[in-house]
Amino acid sequence: MKIHSDHPALKKQKKVKASSIVLFAFLGLYTLIQVYPLIWLFLFSFKNNNEIYSGNAMGIPKVWRFSNYFTVLTSGNVAVYLLNSVIVTGATIIISTILLTTSAYAIVRMHWRWNHLFLTYILLGMMVPLHATLLPLFIVLKNMNLLNSYFSIILPYVAFALPMGIFILVGFLQNIPKELEESACLDGCGIYRIFYYISLPLVRPAIATVAIFTFLSSWNELMFANTFISADKIKTLTVGIMSLSGQQGTQWGPIGAGLVIATVPTLIIYLMFSNQIQKSVIAGAIKG
């Protein structure tokens with residue numbers, strides 16, 4: 001049986017193929033726009049000032065100068081700054097995760113006086129701009145002799161991570177059926193075992209999402225780190241890379257290499273937890 005080209009099924013198939021081609025072309029162009037800055041930064045890190053100023057700032061390097069990475073890791077002390085950023089960010093994520101998970105669970109599951117008022121008070125922290133706290137924090141940290149220490153930036157990072165994290169986890173915990181915890185209680189589980197074995201696994205996608213947000217804000221933060229830390233041995237990566245720009249002259253190739261080193265951990269963390277973020281978004285969409 002011969003099917004004519006004007007058959008409705010063939011027309012519909014051609015229409016679907018045409019729309020798919022347009023969609024894939026748009027998505028491909030959007031992906032290229034998003035990925036190109038990373039590609040450009042990677043290529044930029046292998047150039048020197050002569051090549052950059054001669055008009056090849058956007059193209060492929062004529063000479064691949066791997067020495068830029070060696071220079072920035074040794075002479076620029078980027079290895080020390082990288083270690084400091086890992087310590088500060090890791091401590092911030094661990095402390096804030098412990099505090100926000102326990103606080104959110106106490107607000108949702110424990111019936112105590114003024115728990116809703118306490119949640120409102122915590123969420124008010126989302127309305128406080130970072131710049132408004134700079135001077136008060138500096139005075140407090142100076143009086144406590146905490147300037148030029150890891151705690152001078154870990155404590156503010158944790159404080160600003162709590163409101164958003166508690167807000168997200170409270171929303172997830174409110175959608176967990178209480179019957180799961182009640183059945184575990186009948187089986188002899190205490191509140192701590194219920195929290196650790198029942199509630200935490202169910203909100204793991206939300207915890208991963210909050211951890212990534214905390215990582216990005218702590219890893220890329222500059223204002224607090226630049227204000228509260230002046231000692232080279234405590235500087236984080238953002239402040240260290242900024243200090244590579246000299247008054248007499250700036251070597252842009254090593255700075256580009258330092259920016260690549262600062263970007264790689266962010267990409268690794270996101271790739272490791274991207275599935276958890278997708279689960280969190282899907283779960284939030286279904287529950288919403």
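Bear in mind that the values in this text are calculations on the coordinates, not laboratory data. Worth saying up front: this structure is predicted, and the values here are computed from it rather than measured. Every residue, glycine among them, receives a Cβ derived from its backbone with ideal geometry; neighbour counts consider all protein chains shown.
A few notes on this one:
- Coordinate range along principal axes, alpha carbons of the stretch 123-242, Å, largest first: 55, 29, 28
- Residue-span extension gain [Phe42 to Asp232] - 0.36 nm each, minus C-alpha spacing: 65.8 nm
- Radius 15 Å from Cβ of Gly258, net charge of other residues (Lys, Arg +1; Asp, Glu -1): +2
- Filtered chymotrypsin sites (Phe, Trp or Tyr not before Pro), the stretch 130-191: DSSP coil and at most 12 other beta carbons within 10 Å: none
- Estimated purely from DSSP H runs of n ≥ 4, each contributing -39500 (n - 2.57), the mean residue ellipticity at 222 nm for the chain is -23000 deg cm²/dmol once divided by its residues.
- All Cα-Cα distances of the stretch 132-194, cut into 5 Å bins from zero to the largest, leave 3, 14, 15, 13, 10, 10, 9, 9, 9, 7, 1 percent in each bin in turn.
- Distance (nanometres) between label positions extended 7 Å along Cα→Cβ at Ile191 and Leu135: 4.2
- In this label model, Trp64 and Ile268 are separated by 2.1 nm, measuring between points 7 Å along each Cα→Cβ vector.
- Solution diffusion estimate, µm²/s, Stokes-Einstein, the stretch 83-136, Kirkwood Rh from C-alpha pairs, 37 °C, viscosity 0.692 mPa s: 245
- For Asn56, neighbours were defined as the other residues whose beta-carbon sits under 11 Å from its Cβ, and their charges (Lys and Arg +1, Asp and Glu -1) total +1.
- Potential lengthening between Met127 and Leu32 on full extension [0.36 nm per residue; Cα-Cα distance subtracted]: 30.7 nm
- Correct option for Cα Rg over 2.2 N^0.38 Å [calculated from the coordinates] among (i) 1.34; (ii) 1.05; (iii) 1.24: (i)
- Sorted peptide list for 184-192, 19-27, criterion being average Cβ within 10 angstrom, highest first: 184-192, 19-27
- Alpha-carbon spread of the stretch 65-206, three principal axes, descending order, Å: 63, 38, 24
- Rel. contact order, % - alpha carbon contacts under 8 angstrom, at least six apart, the chain: 30
- Within the chain, the whole DSSP H helices whose Cα atoms reach 24 Å or more along their own axis and whose mean Kyte-Doolittle score is at least 1.6 are 78-109, 151-173.
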